[in-house]
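FYI, it's all coordinate maths here, none of it is from the lab. Bear in mind the structure is a predicted one, so any value in this text is a computation, not a measurement. With ideal geometry, Cβ positions are generated from the backbone for all residues, glycine too; neighbour counts draw on all protein chains shown.
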Amino acid sequence: MWGILTALLSGALMSVQGVFNTEVTKQTGVWVSAGWVQLTALITCAVIWFFSGREDVWTLVRVQPRYMLAGGILGAFITYTVIKSMGSLGPARAALLIVVSQILVAYAIELFGLFGTEQVPFQWKKALGAAVAIGGIIIFRS
């Protein structure tokens, strides 16, 4: 149950953040806005880290494979693409397309066991669920 609530909160926060970032971009610029998002995220993480368990930051040098450390780089491009898509499509349409893309890519990652995830067998019901989500995009567009 906690996982479901956390995922729902994550989706809600992402939608609100996308709108905020798009509005900041209109007044500044896309990379200024994206940079601000990443900077304030770093500051937030540092403050929370200071008051929490205080894991050893130097354990990052032992992370393998090294490409797993690219999450922040991906985060910058995620911020950019969310801003641009919300600016051109509006929050609801952009969020719908973003979520469906997440579902499709996440399922492909599981199917092929990419990036160290456990490989899962193909299931028609999951493929049907993805197709229904794509159908939802078509219906929502109308």
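Send over the per residue convex hull volume for the range 1-72, Cα only, as a whole number of Å³.
136 Å³
Of the listed values (i) 17.7, 51; (ii) 34.4, 126; (iii) 16.3, 53, identify the label whose number matches Rg and Dmax of the Cα atoms in Å calculated from this model.
(i)
Helix-derived [θ] at 222 nm for the chain: sum -39500 (n - 2.57) over DSSP H runs of at least 4, divide by residue count, nearest 500?
-26000 deg cm²/dmol
Given the options Ile43, Val63, Leu96, identify the residue whose Cα lies farthest towards the positive end of the charge dipole of the chain (+1 on Cβ of Lys, Arg; -1 on Cβ of Asp, Glu).
Leu96
Mind giving me the nanometre distance, one decimal, between the label points for Met68 and Thr44, set 7 Å out from Cα along Cα→Cβ?
Result: 2.4 nm between the two label points.
For the chain, return all DSSP H helices satisfying: extent of Cα atoms along own axis at least 27 Å; mean Kyte-Doolittle hydropathy at least -1.0.
Helices meeting the criterion: 2-27, 30-51, 91-112.
Would you mind calculating the relative contact order of the chain from Cα pairs under 8 angstrom and at least 6 residues apart, reporting the percent as a whole number?
Once normalised by length, the contact order is 24 percent.
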